[in-house]
Amino acid sequence: MTTTPLADPRVIALAHYAGRALLENVLARHGITFQQSVTLRLAAVADGPVGREQLVDGVTGALKIDASEVHGVLDRLIAAHWLAPDGTSNLRITDAGRELYATTTRETAPLTARVYDGIPAQDLAVTGRVLSLITERAGAELAALTGQGAGRAPRPQVPGPVREAE
């Protein structure tokens, strides 16, 4: 008899990394990293140009990484011509960036559909509520540990080299 595991940090992490591995496989074929994809998505779903700091805040909040890493990601997206400056502090997704986002989204959609196929909507709703609560509580704990607002990545406490995101 197989016992269904309770959701715990290990089970959640295994699910996250399994899904992320699928996504990163698709992204690698197009020369884009996970962090770049998350950042590009924020620009793609925006109604127009987005402030650089707004993108930095969105990515640091989502990935819990340092703002300096996100600025590096933005610089690489600009160098690849997937984002472009628009005004003094705004960035906009380029046609090439929009096509890349559409392509990777299109290629991951069937993978995601197969992964979620047959899971009852009720189970997905419960899972969504539980994971949202865990995310909220973990964000509050991180904020308490770092003395920063929820969703912000901790700042390094000692000077040192910035980790490369790729």
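The values are calculated or read from the model by the stated rules, or taken from the named source; none is laboratory data. On a predicted model such as this, the values are computed, not experimentally measured, just so you know. FYI the Cβ positions are ideal-geometry reconstructions off the backbone, even for glycines, and counts take in every protein chain you see. Protein only, heavy atoms only, side chains kept; ligands, DNA and RNA dropped before computing areas. Shrake-Rupley method; radii C 1.70, N 1.55, O 1.52, S 1.80 Å.
Observations on the structure shown:
- Ratio of Rg to Rh for region 25-125: 1.03 [Cα atoms; Kirkwood radius as inverse mean 1/r over pairs].
- Carbon plus sulfur fraction of accessible area for region 81-127, probe 1.4 Å, in percent: 56
- Top of Gly118, Gly48, Gly147 by mean-square fluctuation, Gaussian network on the chain, Cα under 10 Å: Gly118
- Region 80-114 versus region 38-55: alpha-carbon centroid distance in Å: 10
- Estimated from helical segments only, the mean residue ellipticity of the chain at 222 nm is -21500 deg cm²/dmol, where each DSSP H run of four or more residues counts as -39500 (n - 2.57).
- Highest average packing first - 104-117, 77-90, Cβ atoms within 10 Å: 77-90, 104-117
- Distances between placed amide hydrogens fall under 5 Å for Gly51 paired with Leu91, all partners being 5 or more residues away or on another chain.
- The angle separating the long axis of helix 9-29 from the principal Cα axis of greatest extent in the chain is about 50 degrees.
- Against the chain, whose longest principal axis is taken from its Cα atoms, helix 34-45 shows a tilt of about 80°.
- Computed from Cα atoms, the angle from the helix 121-146 axis to the main principal axis of the chain rounds to 60 degrees.
- 10 Å-binned pair-distance histogram of region 60-113 (Cα, whole percent): 22, 39, 35, 5, 0
- Peptide packing for 49-61, 24-36 was compared via the average number of neighbouring C-beta atoms within 10 Å per residue; ordered from the highest value, the list is 49-61, 24-36.
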